[in-house]
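Just so you know, all these numbers are worked out from the coordinates, no wet-lab data involved. In this text, all values refer to a predicted model and were calculated from it rather than measured experimentally. Please note: Cβ atoms are built from the backbone with ideal geometry, for glycine as well, and neighbour counts cover all protein chains shown.
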DNA sequence: CGCCTAATTGAACTTGTTCAAGAACTGTGG
DNA sequence: CCACAGTTCTTGAACAAGTTCAATTAGGCG
């Protein structure tokens, strides 16, 4: 059994990055006290008056909407450096909840608007973040509208792997702090389907479980192909050959 | 057989509105020549250098992404007043194509940035539009992740009905300029499923076909309930009673 | 009026869901 | 440190919603 090269995960995304590295917007929050949230605690609820904006210092947040009969859709997971509560509405249009223990800083909306609006360096930065968020939302629409369950899970793992490798934890176990239910509600699937596919990916040797909340990506190229990112690989004969070879790793 | 009141469609959305009505951003485009696109013509392709921004003067555009093996996802339909090509990337990340005959105006990105960035009235307007776009994207994620085929089609019709009624064509035939394939690719369904559900809605008297590209919404309240907008109706005993009554219109 | 594409309709099938156990991790307390 | 309890996760079998494939019908435009 072999191990695929890790480079496959490298990407040229301009991710928010750890706080401080080119994150001018962090300056708006820097003087605020840190607040702490235990897993499961809500930072705010859908419908609350949208009085504040938050920046995550540490931990992971899930952002979701609920429709009628308890169906939940997680629209995103937010990581250190990300902003929460951006919206020009009177009320938040989603709930934000801690997945792990979370530390964050808060500023009032008026303070934030004032400070960003007055700064010619901060403005484009905020704008760029909104664009990134929009891009992510569109990718998610593609995933939800047209990808199979396996492609969804593979895409999800890949996204997480890329974020992690961008943040230097390049090697070993990849943290999956959220539960299977969170993943399901993010991917538009059920718990059971997510579980079955994780199992299948494991038994095929694409990933390896490392406890319930961490995995190792053993075959990043294979994962990219399974994610159905028509990108390049789909038409690249080398990658395709590679995939054929990788189909039977055991 | 009765007809439900039309008020059900009224909404307090701050939609872009027809050009001119509170659309300061139109001023950026006003001096540009109108360009015309025939149905099916692309305004730009995913991957093109993102050199320009556009404002729709007339007609409807579809914006979509393609993955690998020709699967298409329409991420939105754009109407007069809407901006196209907003994005901080070097390249467009989706294709924009005329659904109907379209008239639009174009400005270079640098010109747009310059003009908007220099204006304290335009900036928040642009920001508000991005927020609206983000909100729409999130609603679409909810639709795609957790709604049934019938709920998706009902939601879609409702959205169109609301846009139309906001624009004063309050009464009769609602234009559906896109094909069934467009609807399917927007709703994450197949042509056949969309067709079946349109037929079912018609036979139940919720809507009435008026040629292939127009319908009349006969029972707006029923449509709202079918759309599964947990909003209020789900818990409002009156609306629920109304829906029970309306289940058997024939 | 007639052709051509788009839309409808039916039947078989597939993917993912639902329902129902059972297994495994986490963390708590003895 | 181990055992227990509670939850989360996995696994299987039956089911259902939507897809696929294959005609058929209906619009719309020349």
How crowded by other chains is B:144-151, given as the mean number of beta carbons from other chains within 10 Å of each beta carbon?
-> 5
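Quick check on the range A:40-129: take the gyration tensor over C-alpha atoms, sort the square-rooted eigenvalues as a ≥ b ≥ c, and tell me if it's rounded (a/c under 1.5), prolate or oblate. If you can, show how the numbers build up before the last one.
On the way: a/c = 2.07, a/b = 1.54, b/c = 1.35.
Here the range A:40-129 falls in the prolate category.
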Inter-copy separations for residue B:30, label at 7 Å along Cα-Cβ, nm, ascending | 4.2
Efficiency of FRET between residue A:41 and residue B:38 - r from beta-carbon atoms, R0 45 angstrom, step 0.05 = 0.25
State, to one decimal in nm and shortest first, how far the label point of residue B:214 sits from each corresponding label point in the other identical copies (label point: 7 angstrom along Cα-to-Cβ).
-> 6.4
Other copies of residue B:121: label-to-label distances in nm, shortest first, labels 7 Å along the beta-carbon direction | 3.1
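Just counting partner chain Cβ atoms within 10 Å, what average do the residues of peptide B:120-127 show around their Cβ? Could the numbers behind the result be given before it?
Details: counts 1, 0, 0, 3, 3, 0, 2, 9.
Across B:120-127, the average partner-chain Cβ count within 10 Å equals 2.
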Run the quick spin-label model on residue A:89 and residue B:30: label points 7 Å from Cα toward the beta carbon, then report their separation in nm to one decimal.
-> 3.2 nm
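Quote the FRET efficiency, to the nearest 0.05, computed for residue B:125 versus residue B:214 with a Förster distance R0 of 30 Å and r equal to the Cβ-Cβ distance.
Working: r = 32 Å, r/R0 = 1.08.
That gives a FRET efficiency of 0.40.
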Mean separation of Cα pairs under 8 Å and 6+ residues apart, divided by the residue count of the range B:95-232: what relative contact order is that in percent?
-> 25 percent
The simple spin-label model distance between residue B:108 and residue B:49, using points 7 Å out along Cα→Cβ, in nm, is 1.1 nm
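Taking beta carbons within 10 Å but only from partner chains, what does the mean come to for residues B:197-204?
Per-residue shielding by partner chains comes out at 0.
Can you tell me, using C-alpha contacts under 8 Å and at least 6 residues apart, the relative contact order of the range B:30-115 as a whole percent?
Details: 196 pairs, mean separation 41.0, N = 86.
Across the range B:30-115, relative contact order equals 48 percent.
Based on the Cβ-Cβ distance from residue B:203 to residue A:71, what FRET efficiency comes out when R0 is 25 Å, to the nearest 0.05? Walk me through the numbers before you get to the answer.
On the way: r = 27 Å, r/R0 = 1.08.
Efficiency at R0 = 25 Å is approximately 0.40.
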Rounded to whole angstrom, the alpha-carbon centroid of the range B:171-215 lies from that of the range B:45-104 at a distance of 23 Å
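In percent, what relative contact order does the range A:18-177 have, based on Cα pairs under 8 Å that are 6 or more apart in sequence? Can you show the working numbers first?
Values: 238 pairs, mean separation 43.5, N = 160.
Computed value for the range A:18-177: 27 percent relative contact order.
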